[in-house]
1. Between LEU19, LEU31, which is within 16 Å of ligand 2 (Cβ to nearest atom) and in contact with a helix residue (DSSP H, G or I) (Cβ under 9 Å, 6 or more places away or on another chain)?
2. Filter region 1-52 for residues that are in contact (Cβ under 8 Å) with a residue 40 or more places away in the chain and acidic (Asp, Glu); which is surrounded by the most Cβ atoms within 10 Å (Cβ to Cβ)?
3. Return a yes/no flag: does region 135-145 have any residue that is open to solvent by 40 Å² or more (accessible area, probe 1.4 Å), out of contact with any Asp or Glu (no Cβ under 9 Å at 6 or more places or on another chain), in a loop (DSSP other than H, G, I, E, B) and away from ligand 2 (no atom under 16 Å from the Cβ).
4. Among the residues of region 83-91, is there at least one that is within 15 Å of ligand 1 (Cβ to nearest atom) and either surrounded by 15 or more Cβ atoms within 10 Å (Cβ to Cβ) or in a loop (DSSP other than H, G, I, E, B) (or both)?
5. Regarding LYS52, is this residue over 19 Å from CYS248 (Cα atoms), touching a Pro at 6+ places or on another chain (Cβ under 7 Å) and among the basic types (Lys, Arg)?
6. So which of PHE45, PHE80 is within 21 Å of LEU133 (Cα to Cα), away from ligand 1 (no atom under 14 Å from the Cβ) and touching a Phe, Trp or Tyr at 6+ places or on another chain (Cβ under 9 Å)?
7. Do you know which residues across region 242-257 are in contact with a Lys or Arg (Cβ under 9 Å, 6 or more places away or on another chain) and open to solvent by 30 Å² or more (accessible area, probe 1.4 Å)?
8. Residue check: is ASN279 more than 15 Å from ligand 2 (Cβ to nearest atom) and either touching a helix residue (DSSP H, G or I) at 6+ places or on another chain (Cβ under 6 Å) or modelled with pLDDT of 95 or more (or both)?
Amino acid sequence: MNSFDGITEFIKKTPKTELHLHIEGSLEPELMFKLSKRNKVEIPFRSVEEIKSAYNFTNLDSFLKIYYAGSNVLINEEDFFDLTWEYILRCKENNIVHTEIFFDPQSHLVRGISFDKIINGIDKALIKAEKELKITSKIIMCFLRHLDEDSCFDVLKQACNYKDKIIGVGLDSSEKGNPPKKFKSLFEKAIQEGFITVAHAGEEGPPEYIWDSLNLLKVKRIDHGVQCLKDEKLINKLKQDQIPLTVCPLSNIKLCVFNKLENHNLKKMLDKGLRVMVNSDDPAYFGGYLNKNLIDTSKALNLELNDVKILIENSFKSSFLDEKTKNEWLNKIN
Ligand code: HPA
Ligand code: ZN
């Protein structure tokens, strides 16, 4: 067995966590097609193949257009259940033992779907996952940053009825031109209500957005964060405080943040001692679940077995699991 086969085996057999996964981004073309028929919702594609061939993106916004259009087929509680359960089966395949998933209620509420149906469909699948497959999870609700703060306050109010299910809030959608400072009072209110905060920052946007997510939104993790290497002071801050950066390599290539995987800066971030880990983001759209992200990235960047081990450990350390459970998993890996 050569060393790369050894790394692939290690990735497959090691228990893992995933911390950056949009549940709507795990909607596979086959399920999209099935739900469009079941719910009689038109989609601009005639076949699964046509859907797949539409997945060529030039940047984040070009992806989001298709991603929100795809979400239109999600109508009933059972659709959100099926969507989540399919992702859970992928977790099983990928040996993911704990996952912290994002959902985007505003993209469904605007279509007249009730908050209740969305959250209950997701939650019921996650309860089944824990019972039948021993896969644990947390739910994080994302605000769509292209919308105004008032709309976000409305959805925060609804989320307050589901504090037993939703652990935290995040910020996603179109980053450039929608800076963290737009949501300062929203996040203050969310924290007052007891939610943990995270935010997408430095995916396409500047290092300043990472600073502002830390200072104004008081986030515990930065989602993506790959633009941080442009700012020495920021690198030092992220290293010193060991702020988790939930990097998504295949996503970054599909959205042209880097031109090819060989040029991704993950290895540089690792070598600087930053708390990075690998995630799949929107795996149905970006061509791979967690293992594929880890395997392809390891190969492209010539990662050592020890690098991969650190990535997987970082993910457990950065999760919102309790300390005891985290340590149990970390001991198992070793
Ligand atoms: N970035 C911003 N918004 C998103 C993403 C992403 O990678 N995926 C789904 N919504
Ligand atoms: Zn994301």
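1. On the way: LEU31 fails: within 16 Å of ligand 2 (Cβ to nearest atom).
It is LEU19.
2. Per the criteria, the residue is GLU18.
3. Looking for residues that are open to solvent by 40 Å² or more (accessible area, probe 1.4 Å), out of contact with any Asp or Glu (no Cβ under 9 Å at 6 or more places or on another chain), in a loop (DSSP other than H, G, I, E, B) and away from ligand 2 (no atom under 16 Å from the Cβ), one finds none in region 135-145, hence no.
4. yes
5. Numbers: over 19 Å from CYS248 (Cα atoms): yes; touching a Pro at 6+ places or on another chain (Cβ under 7 Å): yes; among the basic types (Lys, Arg): yes.
Criteria met by LYS52.
6. PHE80
7. Hits for region 242-257 are GLN242, ILE253.
8. no
The values are calculated or read from the model by the stated rules, or taken from the named source; none is laboratory data. For clarity, every value in this text was computed on a predicted model and none was experimentally measured. Using ideal geometry, Cβ is built from the backbone for each residue, glycine included, and neighbour counts are taken over all protein chains shown. Only protein heavy atoms, including side chains, enter the accessible area calculation; ligands, DNA and RNA are left aside. Shrake-Rupley method; radii C 1.70, N 1.55, O 1.52, S 1.80 Å.
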